[in-house]
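Reading through the structure tokens given below for one structure.
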Amino acid sequence: LKLLSRTGNKVRFDSASGEIFTAGMLHPTIYLASGLNKTHSNREIQAMIAHEENHVRMKDPLRTTLAMMVEKGLPSFPMKEKMFRYFMTLTELCADKSAEESLADGLPLITALYKKLQLSNRSLSAGINYFSSQSERIGILVGKKKLNWGMNMRLTSGVMVGLLVFTYVIIKSNFYSCPHLSLCLSALTSVLKIH
């Protein structure tokens, strides 16, 4: 990554792509590709910068990293992945809303998202999707889709209550102090291998 310039919390880097993203957990920085102005209008770039500035203010790189660590550390349960994807989408939507309010216009952000969606569909390279959930976010920004807050809040609440109950039962049942725990787990493992 060849850095071209740095101004405050913004770094321009040499790249023909139209990438813009925020990185850095403790001191988030906005990275802008030098080719951004070839793929987007000035107004779209302003909208994307406003979006990324919200990520910086909210320390989203740190929050999303912590959320991903929690997701990876939790045992598998129904709807776990959906719940964490929903958190990531909400993080992006909050930044979208902030950008829309700062410009007093949502159209530049919508067109920027649409362009990024088209570019990512044409690109065969693997990499990080810095402007994630574009189609979902476009639908919400233009008013064609709505977040199902009720269902998602009930799901999240149910999962959290379930985890608390599970933790309480494990602690109160002295599960880990069982003298023959290793024998029980070995027997369970051998049964699972047979089936």
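Just to check your reading of the model, which residue among Ala95, Ala16, Ala67 is at pLDDT 90 or above and either under 22 Å from Gly139 (Cβ atoms) or of a type in the set (A, V, I, L, M) (or both)? That would be Ala95, the only listed residue that is at pLDDT 90 or above and either under 22 Å from Gly139 (Cβ atoms) or of a type in the set (A, V, I, L, M) (or both). Residues in segment 62-81 that are part of a helix (DSSP H, G or I), surrounded by 13 or more Cβ atoms within 10 Å (Cβ to Cβ) and of a type outside the set (Ser, Thr, Tyr): 6 in all. Checking each residue in segment 136-152 for being surrounded by 11 or more Cβ atoms within 10 Å (Cβ to Cβ) and at pLDDT below 70 picks out Leu147, Asn148, Asn152. Taken together, Leu74, Leu32 contain a single residue that is in contact (Cβ under 8 Å) with a residue 12 or more places away in the chain, within 19 Å of Leu4 (Cβ to Cβ) and in contact with a helix residue (DSSP H, G or I) (Cβ under 9 Å, 6 or more places away or on another chain), which is Leu32.
Evaluate the following for Leu90: is it within 18 Å of Ser133 (Cβ to Cβ), hydrophobic (A, V, I, L, M, F, W, C) and out of contact with any Asp or Glu (no Cβ under 9 Å at 6 or more places or on another chain)? Yes, satisfied. Across segment 104-113, the qualifying residues are those that are surrounded by fewer than 16 Cβ atoms within 10 Å (Cβ to Cβ) and not acidic (Asp, Glu), and the one among them that is nearest to the chain's Cα centre (by Cα) is Leu107. Scan segment 2-9 and give yes if some residue there is in contact with a helix residue (DSSP H, G or I) (Cβ under 8 Å, 6 or more places away or on another chain), surrounded by 14 or more Cβ atoms within 10 Å (Cβ to Cβ) and within 30 Å of Gly162 (Cβ to Cβ), otherwise no. Scanning segment 2-9, I find no residue that is in contact with a helix residue (DSSP H, G or I) (Cβ under 8 Å, 6 or more places away or on another chain), surrounded by 14 or more Cβ atoms within 10 Å (Cβ to Cβ) and within 30 Å of Gly162 (Cβ to Cβ), so the answer is no. For segment 98-113, a tally of residues being within 16 Å of Arg137 (Cα to Cα), small (Gly, Ala, Ser) and part of a helix (DSSP H, G or I) returns 3.
With respect to Glu44, determine if the residue is within 30 Å of Phe166 (Cβ to Cβ) and touching a helix residue (DSSP H, G or I) at 6+ places or on another chain (Cβ under 6 Å). For Glu44, the condition - within 30 Å of Phe166 (Cβ to Cβ) and touching a helix residue (DSSP H, G or I) at 6+ places or on another chain (Cβ under 6 Å) - is not met.
The values are calculated or read from the model by the stated rules, or taken from the named source; none is laboratory data. The shown structure was predicted, so the numbers you read here are calculated from the model rather than taken from an experiment. Heads up, the Cβs are rebuilt from the backbone with ideal geometry, glycines too, and the neighbour counts pull from every protein chain shown.
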